[in-house]
Amino acid sequence: MIVYKIDKESADKANARLRDMAGVIAEVSPSLLVLRKVLAQHDASIETPAITQFRSELIDTVTQAIGLTYTISENAQKLTKTSEQASKHLAAIDEHFGSVLRDSSKSTNK
């Protein structure tokens, strides 16, 4: 037996929050790109072995973060779209079977 949980109000709130967060996350990658450019400019202005090593590690970390935030943003958008569609379909199924059950109970009560 497959059991579905439908809490439309809760799902709608969660999807709205995910959309809001996806918008915030979408702004992170461009900011990190700017940071990476600034770090490259910094490289041209000061150079010591310790600073160069730290800056290189920071650039690597920022580069990884850029990729991760793009992935997070894309997955959050996919999750929201899929969740909204599933919620609509499950609500329609619930309504259909609820209607069938109500109609069949009216038929048996006559």
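For the reader, a short list of remarks on this structure follows.
- Taking 7 Å steps out from each Cα toward its Cβ at residue 102 and residue 84 produces label points 2.7 nm apart.
- When only Cα pairs below 8 angstrom with a gap of at least 6 residues are kept, the chain shows a relative contact order of 45 percent.
- Cut-off 15 Å between beta-carbons: net charge of the residues surrounding residue 54, Lys and Arg +1, Asp and Glu -1: -2
- Sum of -39500 (n - 2.57) over DSSP H runs of 4+, divided by residues of the chain (222 nm, nearest 500): -33500 deg cm²/dmol
- In order along the range 78-90, phi translates into HN-Hα couplings of 4, 4, 4, 4, 5, 5, 5, 5, 4, 4, 5, 5, 5 Hz, rounded to whole numbers, per the Karplus curve 6.51 cos²θ - 1.76 cosθ + 1.60 with θ = phi - 60° and x for Gly and Pro.
- The range 10-23 - phi-based ³J(HN,Hα) in whole Hz, Karplus 6.51/-1.76/1.60, Gly and Pro as x: 5, 5, 4, 5, 5, 5, 5, 5, 4, 4, 4, 5, 4, x
- Coupling constants for the range 27-43 follow from the phi torsions by the Karplus curve (6.51 cos²θ - 1.76 cosθ + 1.60, θ = phi - 60°), and in residue order they are 7, 5, 4, x, 5, 5, 4, 4, 4, 5, 5, 5, 5, 5, 5, 4, 4 Hz; glycine and proline get x.
- Shown for the range 1-107: lysine pairs separated by 8 or more places, or found on different chains, whose C-alpha atoms are under 28 Å apart, numbering 14.
Every number in this text was worked out from the coordinates using simple rules, so none of it is lab data. Just so we're clear, the structure is a prediction, and the values are computed from it rather than from any experiment. Backbone-built Cβ (ideal geometry, glycine too); neighbour counts: all protein chains shown.
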